[in-house]
Amino acid sequence: MTAPVRFPPRSAMPMHRHALAYCAVVLEGSYEERSADGRWIAEAGDLVIHRGFMHTPTRSARGVPG
């Protein structure tokens with residue numbers, strides 16, 4: 001996917017798997033991810049790079065405008 005994705009404030013995405021590595025640039029807002037590797041919060045200005053993996057719900061406290 002190369003298009004912006006929007007998460008409304010306090011929204012959650014269900015557990016899901018990324019078969020391939022991916023990266024995300026957080027333009028605004030923030031979100032939290034959890035996996036067997038740990039917990040992290042991505043905020044505006046962050047570049048997130050992951051290998052393929054499964055993680056629990058992605059939660060957006062402040063929302064991520066698209």
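Read-outs: derived from the displayed coordinates by stated rules, not from any lab. Please read these numbers as outputs of a predicted model, since none were measured by experiment. Cβ sites come from the backbone with ideal geometry, for glycine too, and all protein chains shown count toward neighbours.
Based on other C-beta atoms within 10 Å, arrange Ser11, Ser30 from fewest to most. Don't skip to the end; give the middle numbers.
Numbers: Ser11 15, Ser30 18.
Exposure proxy ranking, most exposed first: Ser11, Ser30.
For the peptides 34-40, 17-23, what is the packing order when you average, over each peptide's residues, the other Cβ atoms within 10 Å and list the highest mean first? It would help to have the intermediate numbers written out before the result.
Details: 34-40: 11.0, 17-23: 9.4.
In decreasing order of mean packing, 34-40, 17-23 become 34-40, 17-23.
Could you list His16, His50 in order of exposure, starting from the residue whose Cβ has the fewest other Cβ atoms within 10 Å? The partial results should precede the final answer.
Details: His16 10, His50 16.
Listing His16, His50 from fewest to most nearby Cβ atoms yields His16, His50.
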- Message: Which of rounded, prolate or oblate describes the stretch 11-60 when judged by the alpha-carbon gyration tensor and an a/c cut-off of 1.5?
- Response: oblate
